[in-house]
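Asker: Let me begin by handing over the structure; questions about it come next.
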Amino acid sequence: MSKIKNPIDKKVASLALDARNVYGVNDKSSRKAIPLRKQASHQALRRASKQPLAAVNSALDEDDLVATEAKLLSNEAVAIGRRFRKRPDEPLGVVIEAKRTGDRSQLSRKRK
């Protein structure tokens, strides 16, 4: 049961705490798309880690092993930089105000 008893206070809390997807795509598709994108980015990280190690065998000298390790770390850094990041949802009050005024610039639309 809610501790807030005043309807006006409930509405203010609702507008501040509830969130809406402002990414610009169907919010229902996010239920499937977000896990798929996360899975793909994790697979890319594993793939980037595995590729340099495929060429390693016990006959390599120390210089080749150091070069392979450097390649491994650089591949992982690139894969981590490309990983999927979900854009956070906006508070309901901000979304309603943007729709009311028609000014969608106040919504955070950070794109790469």
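The values are calculated or read from the model by the stated rules, or taken from the named source; none is laboratory data. Small disclaimer: the values here were computed from a predicted structure and weren't measured. All Cβ positions, even for glycine, are placed from backbone atoms using ideal geometry, and neighbour counts span all protein chains on display. Areas reflect the complete protein model, heavy atoms only, side chains present, ligands, DNA and RNA absent. Shrake-Rupley method; radii C 1.70, N 1.55, O 1.52, S 1.80 Å.
Asker: Assign unit charges at the C-beta atoms only (+1 for Lys and Arg, -1 for Asp and Glu), then state the dipole size of the chain relative to its Cα centre in Debye, rounded to the nearest 20.
Answerer: Value, rounded to 20: 1080 debye.
Asker: From the cross-link list Lys38/Lys71; Lys32/Lys71; Lys5/Lys99; Lys5/Lys38; Lys3/Lys32, which pairs have alpha carbons spaced over 30 Å apart?
Answerer: In this structure, Lys32/Lys71; Lys5/Lys38; Lys3/Lys32 lie more than 30 Å apart at Cα.
Asker: Let me ask something else about it. Taking only protein heavy atoms into account and a 1.4 Å probe, give the accessible area per residue of the stretch 1-69 in Å².
Answerer: Per-residue value: 84 Å².
Asker: Out of Asn26, Asn75, Asn57, any idea which swings most in a Gaussian network model of the chain, alpha carbons joined below 10 Å?
Answerer: Checking each option, the largest mean-square fluctuation is seen for Asn57.
Asker: Which aspartates and glutamates have a Cα less than 14 Å from the Cα of Lys10, not counting those fewer than 8 places away in the same chain?
Answerer: Those aspartates and glutamates meeting the cut-off are Asp18.
Asker: Give the relative contact order (percent, whole number) for the chain; include only Cα pairs under 8 Å separated by 6+ residues.
Answerer: Computed value for the chain: 40 percent relative contact order.
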